[in-house]
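Written below as structure tokens is the structure these notes are about.
The values are calculated or read from the model by the stated rules, or taken from the named source; none is laboratory data. Keep in mind the model is a prediction, meaning the values are calculated, not measured. Note: ideal-geometry Cβ built from the backbone for every residue, glycine included; neighbour counts use all protein chains shown.
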Amino acid sequence: MENLLLTILTLCVLGILAAVILYFVAQKFKVEEDPRIDEVEKMLPGANCGGCGFAGCRGMADALVKRDDISALFCPVGGGDVMKACASYLGKAAPEKEPQVATVRCGGTCEKRPRTNTFDGAKSCAVASSLYVGETGCSFGCLGFGDCVDVCQFGAIAVNPRTGLPEVDPDKCTACGACVKACPKHIIELRKKWPKNRAVYVSCVSKDKGAVVMKACKAGCIGCGKCAKVCPFGAITVEGNLAYIDPQKCKLCRKCVNECPTGAI
């Protein structure tokens, strides 16, 4: 009995001693954190979407507090108002960035891009893309399994069952970029958000030659260059059999829309 009590007493003493040692070690090596980080984190939307380039809002708050120049930092979910509030609290200059929206650059609907085979594997764009080119003759177009839908935390994108293509709700889209990263075909792009959503862009990413494109999709870009010739602002370039419209140069004159022979714009 005495041995048992002695053992218990010894363990208690060792436990208390270890706790005291750990306390002093923790005090000696503790890292003081700027209390402003907590306040800035509260100002951020708390989406933790990664659209700012950090793993979560905590990382963004830490960077905002510690960096002298925050012009390269931006929260796409909170937008300009949130960034101004954070900058004002920290006494720094708020970064300016125009609103953006996710844009699906594929016009190959079920009607214009007929299926030539059926994929019986896992309904995932990532899986399908790693195994073969897709269910149509176009190896560049949307696979339609909705990986972009699955990663969107804001319910801003959905696959239209009639067209087989994802559609973005510009009012819900925060331009976090999650869908852009999830698309294995790279057909989703963050582009300038125009008033009344009147953006003009080439709804195709195929770099095949014109004849090949037309066999696979009636709405594809054939690289004819007619759009570039009629653009009075030099906003359109044609490289690799594909036209691209620079959103920073485009003035929405829509001459290219009327000129495109396939309706790809």
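Just a few scattered comments:
- Verdict on Gly46 being without any contact (Cβ under 8 Å) to a residue 60 or more places away in the chain, under 18 Å from the mean Cα position of the chain (by Cα) and farther than 30 Å from Lys185 by Cβ: yes
- Scan of segment 172-194 for residues that are surrounded by fewer than 19 Cβ atoms within 10 Å (Cβ to Cβ) and either free of Cβ contacts under 8 Å to residues at least 12 places away in the same chain or among the β-branched types (Val, Ile, Thr) (or both), ordered by number: Val180
- Qualifying residue in segment 65-78 (condition: part of a helix (DSSP H, G or I), among the polar types (S, T, N, Q) and out of contact with any Leu (no Cβ under 7 Å at 6 or more places or on another chain)): no
- Single match in Lys84, Lys28, Lys42 (criterion: charged (D, E, K, R), modelled with pLDDT under 90 and either not in a loop (DSSP other than H, G, I, E, B) or not assigned by TED's automatic domain parsing to the domain that holds Asp246 (or both)): Lys28
- Matching residues, segment 185-214, being among the basic types (Lys, Arg) and farther than 27 Å from Ser124 by Cβ: Lys192, Lys193, Lys196, Arg198, Lys209
- Pair list, Cβ < 9 Å and 6+ apart or interchain, from segment 96-113 residues that are without any contact (Cβ under 8 Å) to a residue 60 or more places away in the chain to residues that are outside any loop (DSSP other than H, G, I, E, B) and buried (at least 19 other Cβ atoms within 10 Å of the Cβ): Glu96/Met83; Lys97/Met83
- In segment 114-169, the residues that are of a type in the set (Lys, Arg) and within 25 Å of Val213 (Cα to Cα): Arg115, Arg162
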